[in-house]
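K.L.:
Encoded as structure tokens, here's the structure I'll be asking about.
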There are 2 protein chains.
Amino acid sequence: MSDEVFHPAIEDLPLSKVLAALADPARLAIVRAVAVADPDDGLACTLLPEQAGLRLSKSTMSHHQRILRECGITRTRIVGSRRTLRLRREELDRRFPGLIAATLAAPAEPVGTSARRPAASA
Amino acid sequence: MSDEVFHPAIEDLPLSKVLAALADPARLAIVRAVAVADPDDGLACTLLPEQAGLRLSKSTMSHHQRILRECGITRTRIVGSRRTLRLRREELDRRFPGLIAATLAAPAEPVGTSARRPAASA
DNA sequence: AGATGAGTTCGATAGATATCGAACCCTTCG
DNA sequence: CGAAGGGTTCGATATCTATCGAACTCATCT
């Protein structure tokens with residue numbers, strides 16, 4: 001279990017934190033993409049823009065991945081120079097039974113809905 | 001169904017909005033309190049501070065109630081000079097199966113955890 | 001009518017947070 | 001070694017939002 005990056009213990013996670021992490025269309029898209037990936041292999045971050053249908057800068061993607069990780073939703077594994085994401089399914093199901101299932105079962109929404117778009121400046 | 005206040009149609013609600021509405025400890029407390037109230041009578045707003053264990057100003061309470069209402073989670077009914085809240089259970093279950101159940105089943109967290117406390121100024 | 005009680009609305013404030021580009025760190029590959 | 005690929009971190013920016021008190025509205029009660 002030697003983590004190279006920080007992962008919180010599931011028991012420490014308040015529901016509101018987890019909901020807040022999920023309450024962003026971009027992160028929902030990421031979670032959906034990770035959820036359909038092979039649970040053992042995980043999903044390579046490189047594939048996220050494509051798999052999740054996101055057109056965000058590298059730094060913003062990194063930001064979202066960090067939120068998901070620090071809120072206990074995903075686990076990041078480092079493989080050489082790249083990283084893969086996987087859902088912490090069992091753990092989440094243990095602490096918040098039904099929450100992930102309900103989230104994934106809900107109708108998907110187009111990314112961009114209700115997001116904080118930064119005013120597409122000149 | 002003549003509403004005196006605005007209530008969105010369930011079909012219009014993106015998941016992220018609903019999650020955002022739930023992602024606040026104070027609002028979670030409100031939802032829990034409303035959920036245990038009689039579904040027909042609803043919960044009188046006056047009782048919220050007591051039932052939900054919240055010490056917030058009137059205006060802040062009003063704000064949270066508005067968010068919950070506008071995000072389709074509660075329905076506000078006006079009775080004379082006071083109002084009651086009820087969960088839009090069936091509707092929510094229809095659009096987001098399992099979500100409310102999972103939310104209510106999750107371990108309750110102390111209000112004040114991870115909330116935006118405004119610096120308790122001098 | 002006047003006072004009281006229940007809530008909303010407004011304006012201000014402090015603190016998140018979503019987004020980006022630039023600079024930076026590793027690992028891999030030529 | 002040097003370049004390229006994959007990600008993180010930093011700083012800036014704009015927006016959002018949780019909170020409060022004060023002023024207001026409407027219904028009820030005396």
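The values are calculated or read from the model by the stated rules, or taken from the named source; none is laboratory data. Everything numeric in this text was worked out from a predicted model, so none of it was measured. Every residue, glycine as well, gets a Cβ built from its backbone with ideal geometry; the counts of neighbours run over all protein chains shown. Accessible surface areas use protein heavy atoms only, side chains included; no ligands, DNA or RNA. Shrake-Rupley method; radii C 1.70, N 1.55, O 1.52, S 1.80 Å.
K.L.:
Using θ = phi - 60° and the Karplus form 6.51 cos²θ - 1.76 cosθ + 1.60, what ³J(HN,Hα) does each residue of region B:48-63 get, whole Hz, x for Gly and Pro?
P.N.:
4, x, 6, 5, 9, x, 10, 10, 10, 5, 3, 5, 5, 4, 4, 4
K.L.:
Where only protein heavy atoms count, and the probe is 1.4 Å, what is the accessible area per residue for the protein assembly as shown in Å²? Can you show the working numbers first?
P.N.:
On the way: 13390 Å² over 244 residues.
Using a 1.4 Å probe on heavy atoms only, each residue of the protein assembly as shown averages 55 Å².
K.L.:
Residue by residue, what Karplus-based ³J(HN,Hα) values in Hz, rounded to whole numbers, does region B:9-19 have, using 6.51, -1.76 and 1.60 with θ = phi - 60° and x for Gly and Pro?
P.N.:
6, 4, 5, 7, 8, x, 3, 4, 5, 5, 4
K.L.:
Kirkwood Rh and Cα-based Rg: tell me the resulting Rg over Rh for chain A, rounded to two decimals.
P.N.:
0.95
K.L.:
Between exposed trypsin sites (Lys or Arg not before Pro) in chain A, where DSSP calls loop and at most 14 other Cβ atoms lie within 10 Å, what's the longest gap?
P.N.:
A:56-115
K.L.:
Show me, for region A:29-40, the HN-Hα J-couplings you get by feeding each phi into the Karplus relation (A = 6.51, B = -1.76, C = 1.60, θ = phi - 60°), rounded to Hz, glycine and proline as x.
P.N.:
Karplus values, whole Hz, x for Gly and Pro: 4, 4, 4, 4, 5, 5, 5, 8, 6, 4, x, 7.
K.L.:
Right, next: Using only the Cα atoms of the protein assembly as shown, what do you get for the radius of gyration and for Dmax, in Å?
P.N.:
According to the Cα coordinates of the protein assembly as shown, Rg and Dmax are 19.1, 67 Å.
K.L.:
While we're here: At A:ASP41, with labels set 7 Å past Cα in the Cβ direction, how many nm apart are the copies from this one, shortest first?
P.N.:
5.8
K.L.:
Please give the calculated 222 nm ellipticity per residue for chain A, where each DSSP H segment of at least 4 residues contributes -39500 (n - 2.57) and the sum is spread over every residue; nearest 500 deg cm²/dmol?
P.N.:
After summing the helix terms and dividing by residue count, I get -12000 deg cm²/dmol.
K.L.:
Rounded to the nearest 100 Å², what's the accessible area chains A and B bury against each other, both chains counted, probe 1.4 Å?
P.N.:
Chains A and B together bury approximately 1700 Å².
K.L.:
Distances from B:ARG89 to the same residue in each other copy, label points 7 Å out along Cα→Cβ, in nm, shortest first?
P.N.:
Values, ascending and in nm: 3.1.
K.L.:
Another question about this same structure. With chain B treated as a Gaussian network of Cα nodes joined by springs under 10 Å, which of B:ALA102, B:ALA44, B:ALA23 yields the largest mean-square fluctuation?
P.N.:
B:ALA102
K.L.:
Also, I was wondering about something else. When the Cα centres of region B:63-96 and region B:1-47 are compared, how far apart do they sit, in Å?
P.N.:
The distance from the Cα centre of region B:63-96 to that of region B:1-47 comes to 4 Å.
K.L.:
May I pose another question? Counting only other chains, and only Cβ atoms inside 10 Å, what mean value do you get across the residues of A:7-15?
P.N.:
3
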